[in-house]
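These notes concern the structure reproduced below.
Each reported figure results from applying straightforward, stated rules to the coordinates on display, with no laboratory input. None of the values given here were measured: they were computed from a predicted structure. Reconstructed Cβ throughout: ideal geometry from the backbone, glycine too, with neighbour counts over all protein chains shown.
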């Protein structure tokens, strides 16, 4: 079976569609681009003939196909809508060159695949940004296999081929044996990421907090974060890139990840653990799958529980954190998972018809579903039937 | 030749892709939907087997294919991005059923066509909303024939199959022989539409102005329009629908259309003329093609010239306005033009390769091109090459 999977990769003409917000890999923030670049490199290392559809300033093993010179988030004059569409079209117009397409660019490419004689298609659902896009995933479910990035981040209306956890190269992170004396928050400023809770926890526990994040919700930052920044108890470091991140994570007592909505996966969690740093996180979403409770961190239901757990972070074996990444969340393990998913997609060609139970979920009101939606748009005034396409 | 064109239509399996902001035809505003519905009806009347891809509440001869029950502008909960993509996918996934596709849904469907074995494709460019979408029209120029809606609204980087002026049914508008005593402005509130100039002209000329428009730029309305509304000299009627529009236009002295950017076509111009009402308009864009200077209206370069022309509006023969529509801008003439364009698209299959001159225009900076752009986004910091796809 493992051999068969390996054989499948050898010479496989694989197209990987990356997002174009940032280059692949990204110099700073850009988790989807990072994963796309890592998959491209990993599959090329295992013998696949990889073409990565990404920005022109992307650098990976294999060849890059680009319609846009840099990430659309790197130049305010680049229209993401236009270049996203041209980027997707550039893949589908030459789909016949490939044996398999791996889509990491959200839901819209699925709608292109509906009218294309493209080869088997695998889509990693890196996250449902808002309820209405479920309609697109439902409508195109007959055309693409889906992978989730945690068991928790699955919609009951969809069939999934596999959970393909993200992975990192543990060697890119320096293991630090001794626990540090500060908590760290890493990510982007958005209420759902719980930076305000990290501040509250650090203050109540009497430990310093270092925040490294990119702005997203600026009002949230101005009203709930900025007033607490004092350069000492609460430090704001801006966006930290690769090297600085390694140091910042490794020397911490723990990574605080008290999200207020279910985390889909959480790359920073495994980056911290690779450095030996345990997690102090919310008991929701992917965290119970990533963190071994009491071994690689603590999961809490309340701020109070998190405050109480802070001292215990120093008692955890930091080797266990590192080992957790090496055995389960390494790049190699991620590539293993995708290799198996590719083999199955190639074997089956198209997804099987959905069960009556799945279809019923698609017809139910999915607006209030407890998914990790990042946006809360208004709900349609009327029921809208999901297209049932073969 | 005319016979050949007629034969081409008989039994032609024609897919028309309409926008989904509003139903086709729209109850009020919605010029692109109106044209799409009119083409569908006109082609069905001439023997084509028409499938209109539109909203579920669209009503036309032939069959309607819909993924969304009402216009996305009619229900704030309907995500235009998701339903626009599904709407387009719904056409391309069954493209093999058709002999010809007529796209009235802007540039994005072109990017779907790049990866599809769809039949010949004709796209009416109803307007370039902003410079970056030129990149999409350039990139996909090998896949779709283009029609412009006036000779003025052509980009020098594109080849056009034809200018297909919009048309209306003159019988839907009541001819009024006697000039009225007020000016009328009809459209949407946006600085480029020149509602503020219409107010200035009416005040200086000492005639009443009736404004019927839908809100678009709310700040513009609040600061430059609203303060002038007094219910007498300057009246605001809100959005007027079919019947009221007919009456409002017919009883006017003239339609003021002092746009500040080139008009692409201007449906309201021919609606007014169908009622016998002449045009007082800006000498730019499509207006010199639509208005016969001194016969069906006056074209002006300045507000002062327009003020001076107001009294002369009453001296024009209103029959000439009506006749202009009947001979040149009727639905029947529009259908004639599209029938000829369809015949040529079917004959040629795909557009010819562009000339070196066209290609050179595509490589030139098109950001500052004097097109009828409705948006002025920032320009990319670097030069971005347009994809050269076959």
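With its label point put 7 Å out from Cα toward Cβ, residue A:315 sits 10.0 nm from the same residue's point in the other copies, in order from shortest. When you work out D = kT/(6 pi eta Rh) for the stretch B:293-354 at 37 °C and 0.692 mPa s, using the Kirkwood radius from C-alpha pairs as Rh and the Stokes-Einstein form, the result is 220 µm²/s.
For the stretch B:86-192, the extents of the C-alpha atoms along the principal axes are 56, 31, 27 Å, listed from largest to smallest. What whole number of Å gives the distance from the Cα centroid of the stretch A:118-158 to the Cα centroid of the stretch A:49-70? If you average the Cα positions of each part, the centres end up 24 Å apart. With the convex hull constructed from alpha-carbon coordinates only, the stretch A:114-261 shows a mean projected area of 11.7 nm² over all directions.
Remark: mean inter-chain Cβ contacts per residue of B:72-80 equal 5, using a 10 Å Cβ-Cβ cutoff to other protein chain atoms. Each copy carries residue A:378; placing its label point 7 Å along the C-beta direction from Cα gives inter-copy distances of 3.0 nm, listed from smallest up. Here the Kirkwood formula, the inverse mean of 1/r across different C-alpha pairs, assigns chain A a hydrodynamic radius of 21.7 Å. Placing dummy labels 7 Å off each Cα toward the beta-carbon, the span from residue A:374 to residue A:235 is 2.8 nm. Counting every pair of alpha carbons in the stretch A:248-326, the share spaced more than 22 Å apart comes to 11 percent. Within the listed set A:356, A:312, A:162, the residue fluctuating most in the Gaussian network model of chain A (springs between alpha-carbon atoms under 10 angstrom) is A:356.
Starting from a Cα-only point model with no solvent, please compute log10 I(q)/I(0) by Debye for the stretch B:1-101 at q = 0.24 1/Å. Debye curve over Cα of the stretch B:1-101, log10 I(q)/I(0) at q = 0.24 Å⁻¹: -1.21. For the protein assembly as shown, the pair-distance distribution built from all alpha carbon pairs, in bins 20 Å wide starting at 0, is 15, 41, 30, 12, 1 percent.
Computed from label points 7 Å out along Cα-Cβ, the spacing between residue A:81 and residue A:222 is 2.6 nm.
Per residue, the Cα convex hull of the stretch A:86-149 amounts to 81 Å³. Each residue, residue B:315 and residue A:203, gets one label point 7 Å from its Cα in the Cβ direction; the gap between the two is 7.8 nm. Annotation: average projected area of the stretch A:232-271 is 3.7 square nanometres, based on the convex hull of Cα atoms across all directions. Comparing mean-square fluctuations of A:251, A:79, A:103 from a GNM of chain A with C-alpha springs under 10 Å, the top value falls on A:79.
Centre-to-centre, using Cα atoms only, the stretch A:232-257 and the stretch A:290-340 are separated by 17 Å.
Based on the Kirkwood radius over alpha-carbon pairs, what is the Stokes-Einstein translational diffusion coefficient of the stretch A:177-245 at 20 °C with 1.002 mPa s viscosity, in µm²/s? Taking Rh from Cα pairs, D becomes 175 µm²/s. On the beta carbon distance between residue A:172 and residue B:260, with R0 = 41 Å, the FRET formula returns roughly 0.15. When its C-alpha radius of gyration is set against 2.2 N^0.38 Å (N residues), the stretch B:42-104 gives a value of 1.18. Label point of residue B:175 (7 Å along Cα→beta-carbon): distances to the other copies' equivalent points are 9.2 nm, sorted ascending.
In the calculated pair-distance distribution of the stretch B:331-390, the portion above 15 angstrom amounts to 70 percent of the Cα-Cα pairs. For chain A, a Gaussian network of Cα nodes joined below 10 Å ranks A:350, A:287, A:100 by mean-square fluctuation, and the top entry is A:350. What is the Å³ per residue value for the convex hull set by the Cα atoms of the stretch A:256-390? Taking only Cα atoms, the stretch A:256-390 has a hull volume of 143 Å³ per residue.
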